[in-house]
Every structure is written in C-alpha cells, then in structure tokens.
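Worksheet: the structure to be examined is printed underneath.
The values are calculated or read from the model by the stated rules, or taken from the named source; none is laboratory data. Note that this is a predicted model, so its numbers are computed, not measured. Here the Cβ is made from the backbone with ideal geometry for all residues, glycine too, and neighbour counts use every protein chain on show. The accessibility values were calculated without ligands, DNA or RNA, using every heavy atom of the protein model including side chains. Shrake-Rupley method; radii C 1.70, N 1.55, O 1.52, S 1.80 Å.
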Amino acid sequence: MLEIDGSYGEGGGQLVRTAIALSAVTGKEIRITNIRKNRPNPGLKQQHLKALETAARICKARISGLFPGSTELSFAPVEIEGGKYNIDIGTAGSITLLLQCIMPALPFAKEEVELTVIGGTDVAWSPTMDYLQHVTFRALERLGYSGSATLKEHGYYPKGGGKISAYFKPCRLRGFHFLKEEEQIKGISHASNLPAHVPLRQSEAASTRLMEAGYPSQIETQSFEAFSTGSGITLWTGYIGGSALGERGLPAEKVGKHAADEIIPELKAGASVDIHLADQLIPYMALAGNSSYTVRELSLHATTNIWVTEQFLDVKFRIEKKEGLFEVSVG
C-alpha cells in the first residue's frame, strides 16, 4: 500500500484528487493521512466526499474513511469501468473539482463514460465551467485526451443547482510541447436572475481594461433565469484564462475588471500556459510523456501536484528558469 501524506506542500483537496485519480490509473492501493491538516476546518468536506464516491464507483474501489471531517482514507481500485453516472453534489460544491478527481483516469476506462453532474459551476477557489471548456479541454486535446463537457445550467454559491453533461472516450495520450498561442481574447459574461445590464456592465468593464493594456477582446453576454442567482465572467485565449465571480454588493464593473486583471499578467509574461492550467496539466503530462510548457510562476499547487504524481509514476519532472519563465518538462 502506498502511503501519502496529505499535508505535504499545498496540502489541500487537490492533493487528494490527484492521488485518487492516479491510484485508479496504476491500480495501486493507497492510504492518505493528514488530509487538509493545516486548513481551518481539516478533513474532507461534502464536495470531496462526492468526488471520492464518484471515483470509487467508476473503478469499483474499496474505500474507507469516507465521512465529513475524515483526515484519513484508504482507496483500493479494481478496474476503471465505463458507463453512465448521475451525480448530485447536493450543495454548490464545485463540479469542475469533482471532475478533476476522475478525469486523469478516464482515458484508461474500458469504455465510454457519460456523466450528468449537479452542483456549482461558478464557485470561488475553483475553475469555472467556461474555463474548463475553453482552456482545460483545449489543452488536454493537444495531449490526445478525448473528453468534452456541456454546460446545461449555471449554479452559483450558495444554492448550486448547476448542471453539466460530460462525455469521455478511452484514448491514448501523447506528448505535446505547449507554445504560446496568439489569438484574440474571447469571453463569456453571464448572470442569472439579475437585470440584463449586469453581464453587459461586466463585459464592458473587462473589455475596457483589456483594451487599455493593448488587448482587444470579444466577450459574449448571457442573461437567464435559473435555480440560483449570481453572475460571473470568464476570459480566455490559447491556454490562458482568467475569471471573476459576482458577489452581493460588488459592482458589476469591478467583477469585469477583476477578470481582466487576472488574465493581463499572464498575457504580458509571454508564457504558454497560465498558473492554474500549469498545475492541472501535471498528471496528464506524466501519463503522456515527452511534454513541456512555460509558466510565469510555479505555484505551490503545481509543485505539490508534481510531488504526488512522482509518487505513482516512474517519471521525473524537470524545472528550469528561462528568460524569466519557468519551463516544466517531463519525459
């Protein structure tokens, strides 16, 4: 059994998600201790439980320690199966983080996997669904990954109720060296159960800030009625994205500016991927081999993901500083 210290590095939920996914791929039984040890509320939360439960269903794993606040779990996978799965997180817990727990394993499934997931599509501290669709999946496609997700309904904190459908096919991953892609910035500004001027003001503020920095953009606006109330905006170009979410009392103009201010430093740095995609790509690059990217800053999330991945796979990542950027390569 492989022992993983859940407090290593960033020590959060991502470490657990990556470990579970790679356990499923390699068939290695694992025990994770000290889960989220240094967080204000240590242990597993509801959204972690639903992700782990889903992973266990897909690979017929034996799992213990699956309860709120648990700081230790064991996971013993059998084989990664295909099929259709309906998952309701039950809160505004992040759908994209749930997918993060299983997506690295799905190229190795026996057959196609279809998912319908209900939860949060636009929640703090996680990629938005628009980011997953337009940045993450685009990058993974370059590595030979075969998967897609369709956003059916937005779900915001605290009510959730967002809905997506996703489809994955077994595939053979291949190496890829990511280079900076020069494209016009695109985006989606959206709001649910709010006046139509809210997404428009978000869009205009983001577009103005981007243009001041020398970057033209094309941002679509969407206004609709849904189960939960909220707003957000996601911007992207190539393998780089930025987003911001509305909050009660926060002017729409500030939301748009926040999204622009998140992507502008990434664009100015000239790196091939943004700092968030940089950590998401690690397990896929290790499974594909012979891959690399540049990033302006190597986050603790990324270095932690590298450490976890190297526990499971016979790979060694190389990190070099070149012309003010970090080059991360494997293979």
Rank Tyr8, Tyr145 by accessible area, highest first, at a 1.4 Å probe radius?
-> Tyr8, Tyr145
Using alpha-carbon coordinates, inclination of helix 13-26 to the longest axis of the chain, degrees = 50
Note down, for the chain, the three equivalent ellipsoid semi-axes (square root of 5 times each alpha carbon gyration tensor eigenvalue), biggest first, whole angstrom.
-> 31, 24, 18
Amide H to amide H under 5 Å from Thr221: which residues, 5+ apart in sequence or cross-chain, H placed 1.01 Å off N in plane?
-> Ser189
Nitroxide proxy distance, nm - points 7 Å out along Cα→Cβ at Glu141 and Ser299 | 2.3
Expressed as a whole percentage, what fraction of the accessible surface of the chain belongs to carbon and sulfur atoms when a 1.4 Å probe is rolled over the protein heavy atoms?
-> 48
Of all the Cα-Cα pairs you can form in region 40-145, what percent are over 16 Å apart?
-> 61
Give the peptides 108-120, 216-228 in descending order of average Cβ contacts within 10 Å, highest first.
-> 108-120, 216-228
For Lys84 and Ala196 in the same chain, what is the full-extension length gain: residue separation times 0.36 nm, less their Cα-Cα distance, in nm?
-> 36.7 nm
Residue span Leu66 to Ala213: 0.36 nm per residue of separation minus Cα-Cα distance leaves a gain in nm of 48.2 nm
Applying the Karplus parametrisation 6.51 cos²θ - 1.76 cosθ + 1.60 with θ = phi - 60° to the phi angles of region 274-291, what ³J(HN,Hα) value in whole Hz is obtained for each residue in order, glycine and proline being reported as x?
-> 7, 5, 7, 5, 4, 7, 5, 6, 3, x, 5, 4, 5, 6, 7, x, 6, 9
How far apart, in nm, are two points set 7 Å out from the Cα along the Cα-to-Cβ line at Phe227 and at Arg174?
-> 4.0
Could you go through region 84-90 in sequence order and give the Karplus-derived ³J(HN,Hα) for each residue, using 6.51 cos²θ - 1.76 cosθ + 1.60 with θ = phi - 60°, rounded to whole Hz, and x for Gly and Pro?
-> 10, 9, 10, 10, 10, 4, x
By how many nm would the segment from Asn41 to Arg248 lengthen if fully extended, with 0.36 nm per residue of separation less the alpha-carbon distance?
-> 72.0 nm
Ignoring ligands and nucleic acids, Lys28 exposes an accessible area, probe 1.4 Å, in Å² to the nearest 10, of 80
Between the residues Ala109, Phe326, Ile264, the Cα farthest towards the positive end of the dipole of the chain, that dipole coming from +1 and -1 charges on the beta-carbon of Lys, Arg, Asp and Glu, is from Ala109
